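Scroll down for the structure; my scribbles are underneath it.
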Amino acid sequence: MIYAIPFPPLSPELFTIELGSFTFALRWYALAYLVGLGLGWWLIWKAVARPELWPGGVPPMAPERVEGLLSAVVLGVILGGRIGYVLFYQPGTYWDDPLQIIRIWEGGMSFHGGLLGVTIAALIFCRIAKAPPLQVADAMSMVIGIGLFFGRLANFINAELWGRATDVPWAVIFPGRAAQNCPGPDGLVEYLGATVCARHPSQLYEALLEGLFMGTLLLFLAWRRGWLRRPGALTGLFLIIYGLSRFAVEFVRQPDAQFTGPDNPIGFALALSPSVGLTMGQILTIPMVLAGLWLVTRARAARLA
């Protein structure tokens, strides 16, 4: 007999306020953004207030500049995440109806697009503030795991970005479309008199790998091992850990619907055969890992020079 865990009674909305025709709802996803950005801002502010953490005892910016960096990051996340989703995952859909691009409340954000957006926004900030880009990148990399941790937890609460069908003991019966019949025998379970599909809680895998593990390690290296004194080292390690974590989780994460079909059930964006290929998430992580290896090697060479 196959066992599975029913999805807990969680609502995507933390609370809802209704005043006549006006309705305001605070969603867990929005709260995850607020907490991640708030904690990240506070930690970067504390770090730049400690000169001994930085090369030559000189922080990349004054503490009062961190607020400007936060504003740039928020803009980069929203614009980059949305535009990246449109370009990487559903270009045809949005070409037919361009107005869908601005409907961010309907969902659809790409981490890789958000990362690119944040990079561009941070470079513009560095040019205006005359701050060293690699050191600013290290400061942001130090705290990005916090946002990823809370963001992936919010994905789980929203019952979105679920995993592939499976019969592992910790498989979860997600509500809605995720509970529909599995593509094969794996994951089929009886629940409340119906045959439903149990899946990998891939959001929690990512929360642990990209969030808790990576975030804890990078904060430890920054505050206790002096890695902020090696420009580019923390940024490179972030790219490597995130890239490898995402590459691994893609094997158990449900592929994007636009890439699946009768001839491509696994959802490869680049298929070498029906059973061998790469998903879009894996393709996008490859340049991240390569860039990370280059940055870590560069930082190590500069330290030994």
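The values are calculated or read from the model by the stated rules, or taken from the named source; none is laboratory data. Here the structure is a predicted model, which is why all the values come from computation and not from measurement. Here the Cβ positions follow ideal geometry from the backbone for every residue, glycine too, while neighbour counts run over all protein chains shown. Surface accessibility is based on the protein's heavy atoms, side chains included, excluding ligands, DNA and RNA. Shrake-Rupley method; radii C 1.70, N 1.55, O 1.52, S 1.80 Å.
Okay, here's what the table says:
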{"quantity": "Complete set of residues in the stretch 195-205 that are closer than 13 Å to L148 by Cα and surrounded by fewer than 22 Cβ atoms within 10 Å (Cβ to Cβ)", "calculated": "L204, Y205"}
{"quantity": "Counted residues, the stretch 215-230 - those being assigned to a helix (DSSP H, G or I), of a type in the set (D, E, K, R) and in contact with a helix residue (DSSP H, G or I) (Cβ under 6 Å, 6 or more places away or on another chain)", "calculated": "1"}
{"quantity": "Selection status of L208, assigned to a helix (DSSP H, G or I), in contact (Cβ under 8 Å) with a residue 12 or more places away in the chain and open to solvent by 20 Å² or more (accessible area, probe 1.4 Å)", "calculated": "no"}
{"quantity": "Selection count where residues are over 25 Å from G38 (Cβ atoms), crowded, with 23+ Cβ neighbours inside 10 Å and of a type outside the set (G, A, S), scope the stretch 126-171", "calculated": "1"}
{"quantity": "Count - residues of the stretch 169-183 that are basic (K, R) and assigned to a loop (DSSP other than H, G, I, E, B)", "calculated": "0"}
{"quantity": "Identity of the residue in the stretch 172-216, of a type in the set (S, T, N, Q) and over 23 Å from A32 (Cβ atoms), that ends up farthest from the chain's Cα centre (by Cα)", "calculated": "T195"}
{"quantity": "Search result, residues across the stretch 211-241 that are surrounded by fewer than 21 Cβ atoms within 10 Å (Cβ to Cβ) and hydroxyl-bearing (S, T, Y)", "calculated": "T216"}
{"quantity": "Set A72, A47: member being in a helix (DSSP H, G or I) and either open to solvent by 70 Å² or more (accessible area, probe 1.4 Å) or at pLDDT below 95 (or both)", "calculated": "A72"}
{"quantity": "Subset of the stretch 112-121 that is over 18 Å from L39 (Cβ atoms) and open to solvent by 10 Å² or more (accessible area, probe 1.4 Å) - its residue that is modelled with the lowest pLDDT", "calculated": "H112"}
{"quantity": "Top-ranked residue of the stretch 12-44 - restricted to ones that are of a type in the set (D, E, K, R) and more than 19 Å from I78 (Cα to Cα), ranked as surrounded by the fewest Cβ atoms within 10 Å (Cβ to Cβ)", "calculated": "E18"}
{"quantity": "Restricting the stretch 172-194 to residues that are out of contact with any strand residue (DSSP E or B) (no Cβ under 6 Å at 6 or more places or on another chain) and at positive phi, the residue that is least open to solvent (accessible area, probe 1.4 Å)", "calculated": "G176"}
{"quantity": "Inter-residue pairs, beta-carbon under 6 Å, first over 12 Å from S245 (Cα atoms) and open to solvent by less than 50 Å² (accessible area, probe 1.4 Å) and in the stretch 281-292, second at pLDDT below 95 and not acidic (D, E), 6+ apart", "calculated": "L284/H112"}
